[in-house]
Structures are given as C-alpha cells and as structure tokens.
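One structure is given below, encoded as structure tokens.
The values are calculated or read from the model by the stated rules, or taken from the named source; none is laboratory data. Treat the numbers as computed from the prediction; the structure is a model and nothing was measured. Reconstructed Cβ throughout: ideal geometry from the backbone, glycine too, with neighbour counts over all protein chains shown.
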Amino acid sequence: MTKELVVAYFKEDLNWLEEITDSKITIYNKSNVNLDNTISLPNFGREMHTYFHHIVENYDNLSDWVFFTQGNPFDHVKDYVEIVNQFPDSLDQSKLSTDDCHFFSYGYDYDIPLKSISNGLPHHDGSLNIDGLWGLLFSSPPPNEYDFVAGCTFCVTREQILMREKSFYEKCLDTSIHRIMAPWEFERLMYNVFNKNVQ
C-alpha cells in the first residue's frame, strides 16, 4: 500500500512534516518563498485548486491513499500528525465519511461535522451559491443541506477518486480558477465530489 500526503503551502511553518513517517510528501507552493522540493503553482483557487491540480496531473498514477491538507492543518485538526502516522487505525477518528473517503475535524472551534445551506450560512457570510456549483458538476438534485468539515482535511483512496472521469476533475480545476467563491463552496461540496451516490 502506498500513502501520499499532499500539502497546499502558502508561507506556513512546515517543520511538522519532519514528524511524518511512511508517507510520500508532495508540497505545492503558492507563495513567493523559494522552498526546495516543492512544486510551484500560481496563487489562485486556494487549497481546492491545489487538490484538483494534484488529481488531474496524477490521475493515472495516484497513490493508494492520498491525504490532502493545508500547510497548517492544526487549526482544524489538532492531532493531524498522529492521524497520518497511525493510519489506518486512525480512520475511526473521521468525523464524516463516504466509503473510503474520510474527513477529519478536531479543531479549536469545531470538532464535529457542520451543515451549510446553499448560501453558506450559518458558517459563512451568506455570499455562496453551492447549489449553483452543484448544478455545474452534477445531474443529481442538490441536497437541502451540505455536510462538511471546516478546513476540508481528508483522505481518499485511488479507487474512489477514479470512480469519476478525469474530465470531471478537470472541470473542477477550471472552476476553482474562474469561480471567485469556489474555494469555500468546494469546502462544503467535497464530501459529494467523492460520494458514489451523487451523479
């Protein structure tokens, strides 16, 4: 089994990565900081753009399990190093799961799954249009509420990623570039991106 940690970096302290064991580490760098062993990306779309970029560029050679995180996961998942290192035993700490896709939340503000209506309330300012993003990607009717975890820190198997065509993720990637609120909308939609019951 192969395991990879994908890090969306923007000037965070990455010393915590020295504690990670038994994982390939891929760091995408959206800052102007010259950091060795990182892959430079343009600074738009926040971490959601980074995650979709990784999937699209590695669609045919994904690791068995892929962990996706911001450069500083600890605001949202205080025990993130333990979760990665103690995998797969740590999967029981998932707060939200769909088959082999697991979302983690143990932060300073939230340690439970959250719910959002289409405009982002009650955990955003009401300026989102998640139903609109849903309509761009799916033919299934949108839910009344969207389940999510703050920070969108998750892991997923290659098989679960591959249940959707590469073109789907290319569309997500393009949307993350051109849709201004896409980072926050995808944060609330990502559970459904990997949900096989959503078409």
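Things to note:
- When the criteria are applied in full, Leu35 fails the requirement of being surrounded by 15 or more Cβ atoms within 10 Å (Cβ to Cβ), assigned to a loop (DSSP other than H, G, I, E, B) and of a type in the set (A, V, I, L, M, F, W, C).
- Residue selection: Asp109 satisfies the criterion of being at negative phi and at pLDDT below 95.
- Residues being of a type outside the set (A, V, I, L, M), within 23 Å of Ala150 (Cα to Cα) and assigned to a helix (DSSP H, G or I) - total across the range 16-32: 1
- Lone qualifier among Glu187, Glu145, Glu165, Glu170 - being charged (D, E, K, R) and without any contact (Cβ under 8 Å) to a residue 24 or more places away in the chain: Glu165
- Selection from the range 38-69 of residues that are assigned to a strand (DSSP E or B) and more than 19 Å from Val149 (Cα to Cα): Ile39, Ser40, Trp65
- Checking each residue in the range 74-97 for being over 17 Å from Leu114 (Cα atoms) and either small (Gly, Ala, Ser) or crowded, with 21+ Cβ neighbours inside 10 Å (or both) picks out Tyr80, Ile83, Val84, Ser90.
- Listed by first and then second residue, the pairs with beta-carbon distance under 6 Å, at least 6 apart or on different chains, first residue in the range 37-52 and under 16 Å from Glu170 (Cα atoms), second assigned to a helix (DSSP H, G or I) and among the aromatic types (Phe, Trp, Tyr), are Met48/Phe186; Phe52/Tyr169.
- Qualifying residue in the range 168-179 (condition: at pLDDT 95 or above and under 30 Å from Asp89 (Cβ atoms)): yes
- Of all residues in the range 39-55, at least one satisfies being within 15 Å of Thr153 (Cβ to Cβ), touching a Lys or Arg at 6+ places or on another chain (Cβ under 8 Å) and either surrounded by fewer than 19 Cβ atoms within 10 Å (Cβ to Cβ) or among the β-branched types (Val, Ile, Thr) (or both).
- Residue check for Arg188: buried (at least 16 other Cβ atoms within 10 Å of the Cβ) and either over 29 Å from Asp79 (Cα atoms) or of a type in the set (A, V, I, L, M, F, W, C) (or both): no
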